[in-house]
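Heads up: the structure comes next, in C-alpha cells.
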Amino acid sequence: LTLAAMASLQTSGDVDCLTAGGGLTLPPQLRVCELFAGIGGWRLALGAALPAGVEAHFNAFDSGPHCSEVYALNFGEPCCRRNIEQLALADLDGYDLWAMSPPCQPFTATKDAQQLDSRDKRCKALSHLCGVLPRLEKPPRWIVVENVKGFYSSNACDRLRAALTEAGYTGREILLDLASFGAPNHRTRYYLLAERSQRLLPLMRCSAGEALNSDQDCLSPHSANGGGRSSSSCSQAIAAAARDAAASLATVDEAARAGVTCRGSGIQGAECRQLAEYLLREDEAPLQGPERAELLVPRNVLEKPFAEGLSYVRPSDCLSFCFTGHYGKVLHKSSGSLLHLSGTVIDRKNVAGAFGNVRFFSPREILNIFGFPRDFLLPLEMPLKHRYKVVGNSIAVTVASFLLRWLLLGEGEARLASLDQDPPCRCPQVSSDASHLKPGHEEAFIEEDTFNEEAT
C-alpha cells in the first residue's frame, strides 16, 4: 500500500495500523458512531479526510424523519430513529470515533430563542451521553463536536468538558468561520476535537472572556504533509475542496457587510470565491417549474419597510450571511442573504422595483457553499421548507474535513492556529419580542410558524 510519502503500514501485535506523517496511527477500519447525524455531514467529511487504505463503518442516530430520509437517499441506509437518551451502554461502546452536532436551539442567538441551555428538553440527549461516556468499557478514541458559537460558554458544554476529562480525554476547542476557508458565507461555529490521550490540552471549564486556547505552546506540533485521497467520488470532491480551501484561505473583512463586491485579495494572495461558483444555472433543475416561483421573494414582502434592511447579494459578491434552518420562512439579515440576480446594486429606496430578480438561494446552492459534493441528493418531492430545515441545520463539510485531518492525521496545525477566533464573552441573549424595533421593521414571517416543534 503506497500513500505518497504520507503514511506507511506498521504492525503492532495482531492489528495493522496506518501511521500518518504526524506520528499518529489509524486502524485500517474505523468504527464510527454518528450522533445527531442530520443529513450525514460528518460522514462525508470523514470520508474525505481519511487516507487510502482506511475504511469507516458507520452507525447513525437521528430522530428527525426528514434528515433520515435524506441520509438514506445518499448512503443507502437510514439513520436509527431511536432517541439518543434511550441508548444503553452497549449501544455506544466499542467505537473508534463519535461525531456529533447536538441540537443548537438551546444556545442559538436567533429571534425567539429562549436559550434555556441545559434546562432545554433538547439537551437531554447530550446530558445522557455525558453520563454514559465515563462508564464505557471501550470508549471512543476520538470525539468531535460541532455547534453554534453560544455553546462554548454554556452549562451544557461545561458538563461535556467534565465528562471528557473524567473519561481521560484532552482536546482542542476552536471557533471557525466558513468564510475563512474561501467560501462566500459567514458561518461561525464552535468545534471540539477530543482524543483519549494526554496529547492535547486539558479541557477547562469556561469563564467569560477566557481564551479558547490559553497556551498554544502546549500543543504538540503536527506535520503539515499532504494526505492521500479516499476512493469514492464524493470523498474526492470534498477532499479537494478542503485542500483548496486550506491552501487559499480567503481573508474575510470582519467589518464588511454582505453584498460587498469581491476585491480579489486573500491569504497568500489567493482570490476569494464568488457566489456565482456555487449557483445553479437558471435553466437547471430545480430552478425551473413550480419551484422557481417558490424561490422568488414575493412582491408584498419587498414592499415592506423592513425589506430595505435585508441582505441582498449578487452572483459577483463573495460574502453572505449565515443560512439557518429558518431560511425561507423568517426574513431578517441574520437568517441568510437573498440573491439579487441583477448586476447592479439594489435600490434600497425602491426594493420592490427588483421584484422578479430577487430570490432565495435554493437548498442545493446552500449545500454547494457548505462543501457538500455536487451529486449529494435532496428529494425534490420533500416540501421546500423541510429541505431548508435539514440543510440549514447541517454542518460545513469543508471545515469539518479539515479539522478531522488535523485530529486524525496531524495535518494543518499552522493554518488552524491562524484561523482561531476569540471566544464569545458570554452566551448572547436575544430579546424574545420585537419591542426594540421601529414600527413596521420587525422580521417577516412569510408563512405560518407550523413546524418549530419538529424533531431536530
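The values are calculated or read from the model by the stated rules, or taken from the named source; none is laboratory data. For clarity, every value in this text was computed on a predicted model and none was experimentally measured. Methodologically, a virtual Cβ is constructed for each residue, glycine included, from the backbone with ideal geometry; neighbour enumeration extends over all protein chains shown. Heads up: the accessible areas ignore ligands, DNA and RNA and are worked out on the full protein's heavy atoms, side chains in. Shrake-Rupley method; radii C 1.70, N 1.55, O 1.52, S 1.80 Å.
For the structure I just gave you, tell me whether Ser316 is hydroxyl-bearing (Ser, Thr, Tyr), crowded, with 19+ Cβ neighbours inside 10 Å and out of contact with any Lys or Arg (no Cβ under 7 Å at 6 or more places or on another chain). Talk me through it step by step, then tell me what you get.
Working: hydroxyl-bearing (Ser, Thr, Tyr): yes; crowded, with 19+ Cβ neighbours inside 10 Å: no; out of contact with any Lys or Arg (no Cβ under 7 Å at 6 or more places or on another chain): yes.
Considered against the rule, which asks whether it is hydroxyl-bearing (Ser, Thr, Tyr), crowded, with 19+ Cβ neighbours inside 10 Å and out of contact with any Lys or Arg (no Cβ under 7 Å at 6 or more places or on another chain), Ser316 comes out as no.
Condition first: without any contact (Cβ under 8 Å) to a residue 40 or more places away in the chain and in a helix (DSSP H, G or I). Now tell me which residues in region 44-78 satisfy that.
Ser68, Tyr71, Ala72, Phe75 - these are the residues of region 44-78 that are without any contact (Cβ under 8 Å) to a residue 40 or more places away in the chain and in a helix (DSSP H, G or I).
Could you say which residue among Ala72, Ala99 is out of contact with any strand residue (DSSP E or B) (no Cβ under 8 Å at 6 or more places or on another chain) and modelled with pLDDT of 95 or more?
Values: Ala99 fails: out of contact with any strand residue (DSSP E or B) (no Cβ under 8 Å at 6 or more places or on another chain).
Exactly one of Ala72, Ala99 is out of contact with any strand residue (DSSP E or B) (no Cβ under 8 Å at 6 or more places or on another chain) and modelled with pLDDT of 95 or more, namely Ala72.
Just give me the residues in region 163-181 being farther than 13 Å from Leu192 by Cβ, in a helix (DSSP H, G or I) and among the small types (Gly, Ala, Ser), in sequence order. So that I can check it myself, show each step before the final result.
In the first step, residues of region 163-181 are kept if they are farther than 13 Å from Leu192 by Cβ; the result is 166-168, 177-181.
With the extra rule that they be in a helix (DSSP H, G or I), the set shrinks to 166, 178-181.
The answer is Ala179, Ser180.
If you take the residues in region 267-283 that are in a loop (DSSP other than H, G, I, E, B), under 22 Å from Glu365 (Cβ atoms) and open to solvent by less than 40 Å² (accessible area, probe 1.4 Å), which one is modelled with the highest pLDDT? Before you say what the answer is, go through the steps one by one.
Start the filter on region 267-283 by keeping residues that are in a loop (DSSP other than H, G, I, E, B), which leaves 270-274, 279-283.
Next, only the ones that are under 22 Å from Glu365 (Cβ atoms) stay: 271-274, 279-283.
Okay, now just the ones that are also open to solvent by less than 40 Å² (accessible area, probe 1.4 Å), so 272, 279-280.
Numbers: Cys272: 76, Leu279: 95, Leu280: 92.
The qualifying residue modelled with the highest pLDDT is Leu279.
Restricting attention to region 284-342, which residues are among the polar types (S, T, N, Q), under 26 Å from the mean Cα position of the chain (by Cα) and not in a loop (DSSP other than H, G, I, E, B)? So that I can check it myself, show each step before the final result.
Quick first cut of region 284-342, residues among the polar types (S, T, N, Q) only: 288, 300, 311, 316, 320, 324, 334-335, 337, 342.
Those still in the list that are under 26 Å from the mean Cα position of the chain (by Cα) too: 311, 316, 320, 324, 334-335, 337.
Correct list: Ser334, Ser335.
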